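Inspection log for the structure reproduced underneath, given as structure tokens.
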Amino acid sequence: MLGLKIKPRSRNQRYFPQKEQSGLGMLPEQLFMKLLCLERRRTERSGRRFVLMLLDAGNLLKRINVLALPKVLSAVTHSTRDTDLTGWYKDGSIIGVIYTEVTGSDDSAIVQSISAKLTYELEEALSATEISEIKLSFHIFPEDWDDTDPEGPVTSTLKMALAGEVNRRKSSMIVKRLIDIGGSIAGLILCLPVFLIAALAIKLTSRGPVLFRQVRLGQYGQKFMFLKFRSMYVNSGHEIHEEYVKQFIKGSAGTEQIAGNQQKLYKLTADPRITPVGRFLRSSSLDELPQLVNVLLGDMSLVGPRPPVAYEYERYDLWHKQRLLAAKPGITGLWQVAGRSRVKFDDMVRLDIRYARSWSIWLDLRILMQTPRAVFSRNGAC
């Protein structure tokens, strides 16, 4: 993100009313955010860039000044093309402009060119005092996804863009969290005998801890400690799985396994790292039970996309990364009950995104009710 504060000219410029236009075409906030998200999805697939400019006028547009808004909008209109989209990013205070189909390889040069045009028009229209209140920020999509970002690999700009796409009612999200808390506590209590038996079986048959801990990426790329019952021998490397993930995401031939019913399974089978007890735990999905603790802590939800490991995330195409934006990761989800290991990676991502866009409390409850059947059938498990 690049930010600029406009420096007014030393001399005041007179505003020319004849430059105003009627019907400036300001899009309302909800529609502008929807178009921004559509443009983001398009550029994630095509790789063609666009620029989002945010003009924060502070209190300038909130004052009882009938000329302030038309002056600013006129300046924006004169500095944009017919193909660019102008609307409210935050109704009444922040104006957004989507510059589509930008060309050039130097991001700084692109921003400077846009900024220079707009600054000139603003200086023509506003006084030095008014200009001093305006701040510009620029966001170039598709952005670099930086794993060193303290907030994780998903940038704050994309979080803001997603807010317009996944606009959940706060009350519904509170209900979802209450279901997560109640469900995880009930699950931990009811499954206590299973925990004890599984822990004893793991300790008696192989050396090492009962629980497997691994750093995973949650919503917006937030890192958290992911828990499972240990199903592999200790000190097992992740090279086998990393190579499989690489091929699976690419959709390469050889990632399919033929099950006994002649269905193709897109899952790593015959893994030498897995213990005999671990193989049973995985096939029955009992190895997932410790994730109820992750749900209780708030790192996960009962229902949502599966959280990826870092080396899996590094192989994602840009549009795949919507999984990290779409929803908090879950123990079960639409992929598990609708496809599980019978679908390719791209189809799995589409299911996760579809879940996020059509999310409701009733959808979560339906997925939770369908999960036991998917687990007991072991359809697509290994």
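The values are calculated or read from the model by the stated rules, or taken from the named source; none is laboratory data. Keep in mind it's a predicted model, so treat the numbers as computed, not measured. Counting neighbours? That spans all protein chains shown, and the Cβs are built from the backbone with ideal geometry, glycine included.
Can you tell me how many residues within the range 308-322 are in contact with a strand residue (DSSP E or B) (Cβ under 6 Å, 6 or more places away or on another chain) and either closer than 12 Å to Arg41 by Cβ or among the aromatic types (Phe, Trp, Tyr) (or both)?
1
Taking Arg354, is it surrounded by fewer than 20 Cβ atoms within 10 Å (Cβ to Cβ), among the charged types (D, E, K, R) and assigned to a helix (DSSP H, G or I)?
Considered against the rule, which asks whether it is surrounded by fewer than 20 Cβ atoms within 10 Å (Cβ to Cβ), among the charged types (D, E, K, R) and assigned to a helix (DSSP H, G or I), Arg354 comes out as yes.
Would it be correct to say that Ser252 is closer than 28 Å to Arg42 by Cα and at pLDDT below 85?
The answer is yes for Ser252.
Can you list residue pairs whose Cβ atoms sit under 6 Å apart, with the first residue in the range 161-184 being surrounded by 14 or more Cβ atoms within 10 Å (Cβ to Cβ) and the second being modelled with pLDDT of 50 or more and among the hydroxyl-bearing types (Ser, Thr, Tyr)? Count only pairs 6 or more apart in sequence or on different chains.
Every condition considered, the pairs that remain are Asp180/Ser301.
From the set of residues in the range 76-129 that are within 28 Å of the chain's Cα centre (by Cα) and without any contact (Cβ under 8 Å) to a residue 12 or more places away in the chain, which is nearest to Leu35 (Cα to Cα)?
Thr103
Within the bounds of the range 311-319, is there any residue that is on the phi < 0 side of the Ramachandran plot, crowded, with 23+ Cβ neighbours inside 10 Å and among the hydrophobic types (A, V, I, L, M, F, W, C)?
no
Take the conditions within 22 Å of Ser184 (Cβ to Cβ), more than 13 Å from the chain's Cα centre (by Cα) and crowded, with 22+ Cβ neighbours inside 10 Å and apply them to Val337. Does it pass?
In short, no.
Yes/no per residue for (1) assigned by TED's automatic domain parsing to the domain that holds Leu192; (2) in a loop (DSSP other than H, G, I, E, B); (3) modelled with pLDDT of 85 or more:
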{"position": "Leu292", "(1), (2), (3)": "yes, no, yes"}
{"position": "Val295", "(1), (2), (3)": "yes, no, yes"}
{"position": "Leu302", "(1), (2), (3)": "yes, no, yes"}
{"position": "Pro305", "(1), (2), (3)": "yes, yes, yes"}
{"position": "Pro308", "(1), (2), (3)": "yes, yes, yes"}
{"position": "Glu312", "(1), (2), (3)": "yes, no, yes"}
{"position": "Leu325", "(1), (2), (3)": "yes, no, no"}
